[in-house]
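The values are calculated or read from the model by the stated rules, or taken from the named source; none is laboratory data. Given the structure is predicted, the values throughout are model-derived calculations rather than measurements. Glycine also receives a Cβ, built like all others from the backbone with ideal geometry; neighbour counts cover every protein chain displayed.
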Amino acid sequence: MKILGAVTGLLMAFSVSSHAVDISYPAASIIDWKHKSFSGDTAYSVVYDEQMQRDVIRAKSSQSASGLFFEKKIDLDKTPFLNWSWRVEKFPVVGDEKTKTGDDFAARIYVVTQDGWTFLSTKAISYVWSNQSQTNDVWPNPFTNGSAMMLTVRGSGDSKGWVTEKRNIKEDLQQLFGKEFRYIDAIAIMTDTDNSKSSATSYYSDIRLTQK
């Protein structure tokens, strides 16, 4: 998926709003995030999950790439941690995930920051559940010139059931881009299979921004 085009599009419309501490986004909130399509539409819906005992987001992609974006200026000094739960039911059939033709993932969550006054200053981290890479593998998105970085949170061989993640966004941004960022301007979920012309199904839940 062409991350640079995605984040550029969303930043053209983002608005600055007040911050809150320890913000939770249930499925009913996530489904109302802005739907941005890049190549067809991934189907996002709210379904009840017996294991989680709550509503979750189901994402079904068939040769498509679209995401749900939450656009808000978030102060990482107040809420540096991104928390979420996810599960993969079906992975896309890809070649090399680190190439343009293989840049499809059953589940990804990414954060976006505007590092300057031009759209070319956009920086993004795409946290992915990979079917090939090992946990904590990092590489530049093949469609960008280092402005978007991929980070494997779940790798090949990891559990395919529900798992809960926690990332320090502020630390990750500093490590991947070599400078400190105080704010991010958007977070998003995306399940995409447009490059591989395959399909994938995944689930997202319990997205939260927290102090600790």
Please enumerate the residues belonging to the stretch 36-67 that are touching a Lys or Arg at 6+ places or on another chain (Cβ under 7 Å), part of a strand (DSSP E or B) and of a type outside the set (Phe, Trp, Tyr).
43, 45, 47, 66, 67
Only one of these conditions is not met by residue 116: (1) small (Gly, Ala, Ser); (2) on the phi > 0 side of the Ramachandran plot; (3) within 17 Å of the chain's Cα centre (by Cα). Which number is it?
(3)
Top-ranked residue in the stretch 72-98 [being in contact with a helix residue (DSSP H, G or I) (Cβ under 7 Å, 6 or more places away or on another chain) and at pLDDT below 95; ranked as farthest from residue 210 (Cα to Cα)]:
95
Residue 122 fails exactly one of the following numbered conditions: (1) crowded, with 16+ Cβ neighbours inside 10 Å; (2) more than 20 Å from residue 180 (Cβ to Cβ). What is the number of that condition?
(2)
Given 166, 197, which one is out of contact with any strand residue (DSSP E or B) (no Cβ under 6 Å at 6 or more places or on another chain), outside any helix (DSSP H, G or I) and within 20 Å of residue 107 (Cβ to Cβ)?
197
Does residue 37 fit the bill of being among the polar types (S, T, N, Q), surrounded by fewer than 23 Cβ atoms within 10 Å (Cβ to Cβ), without any contact (Cβ under 8 Å) to a residue 60 or more places away in the chain and out of contact with any helix residue (DSSP H, G or I) (no Cβ under 9 Å at 6 or more places or on another chain)?
yes
Residue identified as surrounded by 14 or more Cβ atoms within 10 Å (Cβ to Cβ), without any contact (Cβ under 8 Å) to a residue 24 or more places away in the chain and over 19 Å from residue 198 (Cβ atoms) among 172, 137:
137
Looking at the stretch 83-134 only, could you name the residues that are touching a residue at least 60 places away in the same chain (Cβ under 8 Å), within 29 Å of residue 54 (Cβ to Cβ), of a type outside the set (A, V, I, L, M) and part of a strand (DSSP E or B)?
83, 84, 85, 86, 87, 89, 90, 105, 108, 110, 126, 129
Can you report the number of residues in the stretch 107-150 which are under 19 Å from residue 189 (Cβ atoms), out of contact with any Lys or Arg (no Cβ under 7 Å at 6 or more places or on another chain) and not hydroxyl-bearing (Ser, Thr, Tyr)?
13
